[in-house]
Amino acid sequence: MTEEQRQVILKLLRFNLDIDFDFYDAEAEAEKEEQLSIFVDAAVKFIETEGITLDFDDTGDQFLVVAYAEWLYDKRKDASSVMPRMLRYNLNNRLFHEKLSEEN
């Protein structure tokens, strides 16, 4: 993932989480950005563990990473949180699509 791709994903994640840096000082903004980066890295790792090869230029894959990172971010408040069906459905569809493309 290039730095530009990372910034796009982080921007989408901030938007989904309604995080507005206008009210943060520089230090707090940097800390929150680092925290969100950790969730993005974890999401990428977990998605790749499922056998999915991400294409960070693909908008669908970017949104998949954002959705996974958002769930991880929200899950920290409730450890018993179950992965949303929509996210599981998207992961499965993405994996099936990749495996079918490999066979053709």
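For segment 18-52, enumerate the residues that are without any contact (Cβ under 8 Å) to a residue 24 or more places away in the chain and of a type in the set (Ser, Thr, Tyr).
24, 49
Kindly evaluate residue 48 against the criterion of being assigned to a helix (DSSP H, G or I), at pLDDT below 95 and out of contact with any His (no Cβ under 6 Å at 6 or more places or on another chain).
No, not satisfied.
With (1) on the phi > 0 side of the Ramachandran plot; (2) part of a helix (DSSP H, G or I); (3) not aromatic (Phe, Trp, Tyr) as the list, and residue 93 as the residue in question, which single condition is left unmet?
(1)
Looking at segment 53-75, I want the residues that are in a helix (DSSP H, G or I) and have a partner that is crowded, with 20+ Cβ neighbours inside 10 Å and of a type in the set (Asp, Glu) with Cβ atoms under 9 Å, at least 6 apart or on another chain. Which pairs are those?
none
Which of (1) loosely packed, with under 14 Cβ neighbours inside 10 Å; (2) over 14 Å from the mean Cα position of the chain (by Cα); (3) among the hydroxyl-bearing types (Ser, Thr, Tyr) is the odd one out, the single condition residue 59 does not satisfy?
(2)
Restricting to segment 17-32, count the residues that are in a helix (DSSP H, G or I) and surrounded by fewer than 15 Cβ atoms within 10 Å (Cβ to Cβ).
Residues flagged as in a helix (DSSP H, G or I) and surrounded by fewer than 15 Cβ atoms within 10 Å (Cβ to Cβ) within segment 17-32 amount to 9.
For residues that are within 14 Å of the chain's Cα centre (by Cα) and without any contact (Cβ under 8 Å) to a residue 24 or more places away in the chain, scanning just segment 87-104, find the one that is farthest from residue 16 (Cα to Cα).
88
Could you check residue 87 against (1) surrounded by fewer than 19 Cβ atoms within 10 Å (Cβ to Cβ); (2) within 16 Å of residue 1 (Cβ to Cβ); (3) of a type in the set (A, V, I, L, M, F, W, C) and say which number it fails?
It fails just one condition, (2).
The values are calculated or read from the model by the stated rules, or taken from the named source; none is laboratory data. These numbers come from a predicted model, not from an experiment. Cβ: placed from backbone, ideal geometry, glycine included. Neighbour counts: every protein chain shown.
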